[in-house]
Amino acid sequence: MNRSNFVVARALGVLGAFTVAVLMVACSDKLTASASCPELCEQEPINVKDTLIDAIQVDTSVVGFPTIGSEAYLLLATDGDTLDTRVIVRYDTLPTTYRNVTGAADSSILRVDSARLNVRMVALSTPPKAPFTVEAYNVDTVVPSARDTAAAPVLALFRPDRFLGSATFQASDSIKDTLKVPIRNDVVLAAITGGKRLRVGLRVVSSVSTQLKITSNGLGLPTTISFRATADTATARIIVTPESRTPADPAFLKVPLSDYVIVAKGDVSTPAQRLVVGGIPASRIYFRFKIPSRIVDSSTVIRASLVLNQASNPSSPNAKDTITLRAVPVLASTRISDVEHALGFLSSTTVDTLRTVPLDAGERRMEMVNIVRSWKRADTTLTPQAIAILTNLESELPARVYFYSRAAGSTVRPRLQLTYVPPVTLGVP
């Protein structure tokens with residue numbers, strides 16, 4: 001290539017690069033300001049809308065979770081006139097023989113020595129502020145009943161003539177993971193030789209609020225009975241694990257009812273114009289929405305916030321403690337009209353969490369944009385627009401949080417705030 005041709009080619013290259021750069025800048029400027037083709041039509045700005053709507057069709061709270069016997073941890077607690085929970089452990093099958101270290105065959109149990117309960121629990125995160133006593137009672141009902149989990153008949157058996165034993169623990173004690181409570185040898189032996197069952201009720205007594213979190217049989221860390229069948233300390237202690245032989249129908253309830261919690265004192269009420277979450281037994285809140293189709297089906301939802309207004313609950317146990325609430329999708333279809341039943345079918349996915357204090361009040365928000373997007377063009381019968389709110393430590397922490405319901409005034413009732421982009425119509429040349 002001669003010099004003149006080289007100069008011409010270089011000039012054309014510079015001109016081409018300049019032209020491409022100009023076109024790129026022009027397109028870039030128009031794309032950021034327009035929702036249509038910049039070369040063929042006039043600019044059409046993207047319209048982002050933000051609205052606060054009354055899209056909640058149903059809001060209610062239901063008490064009774066988790067179902068009796070399905071607790072992972074058993075709360076044994078006392079808090080004056082506010083809270084009193086008891087733990088029931090069933091030993092419906094007791095051993096009748098043992099292997100003596102000096103014997104060649106099993107021997108019948110004719111003696112019980114140094115019997116005790118080994119109460120497995122989560123180690124206390126903070127030292128107790130005062131001594132507490134764990135008491136044990138024989139709460140086996142004389143006449144078997146189909147409703148032998150009813151609280152009233154069992155609570156009536158926490159009386160002096162049914163007392164099995166107790167142990168007091170000082171605030172200075174190093175309390176780790178097991179509380180050893182001695183119980184009456186003669187009562188254990190009578191149950192074994194008489195072919196009877198033994199059902200134990202636990203109660204905690206203290207001058208100050210005390211909450212013990214006991215591990216359940218379902219976790220594989222149950223409260224056991226142990227004893228010696230001989231005075232020979234070389235013979236191993238016999239260990240009895242919980243087992244329930246009732247109810248006969250439905251039989252699948254036998255396993256979970258090997259240990260459970262009953263409430264002697266506790267607030268399970270729902271004040272007017274309020275929604276309740278938490279407590280013992282726990283309440284869950286149910287929300288079902290009816291979001292306009294033009295938003296949920298046809299628009300692009302950028303943000304969705306459930307706006308709640310919390311009402312102060314100074315009478316709640318742990319009223320000043322921070323607790324975590326979580327929102328989860330409800331999986332039950334709308335064909336299940338019973339809300340309590342529907343609240344038993346929840347997704348394992350948490351939509352959002354909220355940390356709050358029962359004593360506090362004011363506006364709270366739970367973000368739920370992903371769940372709202374998942375409802376796009378979904379069959380609302382099979383996939384209801386519904387969520388549940390429950391505590392993160394359900395059945396483990398007795399705190400109760402109040403929110404205003406739809407029945408409250410317009411300034412505090414729950415609503416849904418949506419930020420979305422309506423459908424974009426491309427221009428036609």
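With Cα atoms defining each centre, segment 91-123 and segment 242-313 are spaced 41 Å apart in the structure.
Across the chain, the longest run free of exposed loop sites, meaning GluC sites (Glu not before Pro) lying outside DSSP classes H, G, I, E and B with no more than 11 other Cβ atoms within 10 Å, spans 43-429.
The largest accessible area among R415, R400 belongs to the first residue in R415, R400, and the rest follow in falling order (1.4 Å probe, all chains). Solvent exposure of the chain amounts to 51 Å² per residue of accessible area, where only protein heavy atoms count and the probe is 1.4 Å.
With Kirkwood radius over Cα pairs in Å in mind, check (1) 26.4; (2) 22.8; (3) 22.1 and report the label derived from this structure. Of the labelled values, this structure produces (1).
Within the assembled protein chains, the solvent-accessible surface assigned to D321 is about 70 Å², based on a 1.4 Å probe.
Magnitude of the Cβ-charge dipole of the chain, K/R +1 and D/E -1, about the Cα centre, nearest 20 debye?
For this selection, approximately 280 debye.
Relative to the longest principal axis of the Cα atoms of the chain, the long axis of helix 3-31 lies at roughly 50 degrees.
Rounded to the nearest 20 debye, what is the charge dipole size of segment 281-401 about its Cα centre when +1 sits on each Lys and Arg Cβ and -1 on each Asp and Glu Cβ?
My answer is approximately 420 debye.
Averaging 1/r over each pair of different alpha-carbon atoms in segment 212-339 and inverting the result gives 20.6 Å, the Kirkwood hydrodynamic radius. Mind checking which of L198, P222, F252 is farthest towards the positive end of segment 186-255's charge dipole, using Cβ charges of +1 (Lys, Arg) and -1 (Asp, Glu) about the Cα centre? About the Cα centre, the residue reaching furthest to the positive side is F252. Near D140, within a Cβ-to-Cβ distance under 12 Å, what is the net charge of the other residues, with Lys and Arg +1 and Asp and Glu -1? Local net charge: +4.
Using only the Cα atoms of segment 143-281, build the gyration tensor, take square roots of its eigenvalues as a ≥ b ≥ c, and label the shape rounded, prolate or oblate: rounded if a/c is under 1.5, else prolate if a/b is larger than b/c, else oblate. Judged from the Cα gyration tensor, segment 143-281 comes out oblate (a/c at least 1.5, b/c at or above a/b).
Under 5 Å from the amide H of Q385 lie the amide H atoms of F289, each residue being 5 or more positions distant or on a separate chain, with H modelled from the backbone and absent for Pro and chain starts.
The residue among T133, P314, T82 whose Cα reaches farthest toward the positive pole of the charge dipole of the chain, with charges on the beta-carbon of Lys, Arg, Asp and Glu, is T133. What the Kirkwood sum gives for segment 59-189 is a hydrodynamic radius of 17.9 Å, with every pair of different alpha carbons counted.
With r defined as the distance between the Cβ atoms of R303 and L382 and R0 fixed at 22 Å, what FRET efficiency is calculated, to the nearest 0.05?
0.25
Of the listed residues K320, K176, K129, K376, the order by accessible area with a 1.4 Å probe, largest first, is K129, K320, K176, K376. Ordered by 1.4 Å accessible area with all protein chains kept, L221, L354 run largest first as L221, L354.
Average 1/r across all pairs of distinct alpha carbons in segment 225-265, invert it, and you get the Kirkwood radius: 12.9 Å.
To put it simply, the accessible area of the chain at a 1.4 Å probe is 54 percent carbon and sulfur. Counting only DSSP H runs of at least 4 residues, each contributing -39500 (n - 2.57), and dividing by the residue count of the chain, the helix-based mean residue ellipticity at 222 nm comes to -4000 deg cm²/dmol.
The values are calculated or read from the model by the stated rules, or taken from the named source; none is laboratory data. All values derive from a computational prediction rather than experimental measurement. So basically every Cβ, Gly included, is an ideal-geometry build from the backbone, and we count neighbours across all protein chains shown. Note: areas computed on protein heavy atoms with side chains; ligands, DNA, RNA excluded. Shrake-Rupley method; radii C 1.70, N 1.55, O 1.52, S 1.80 Å.
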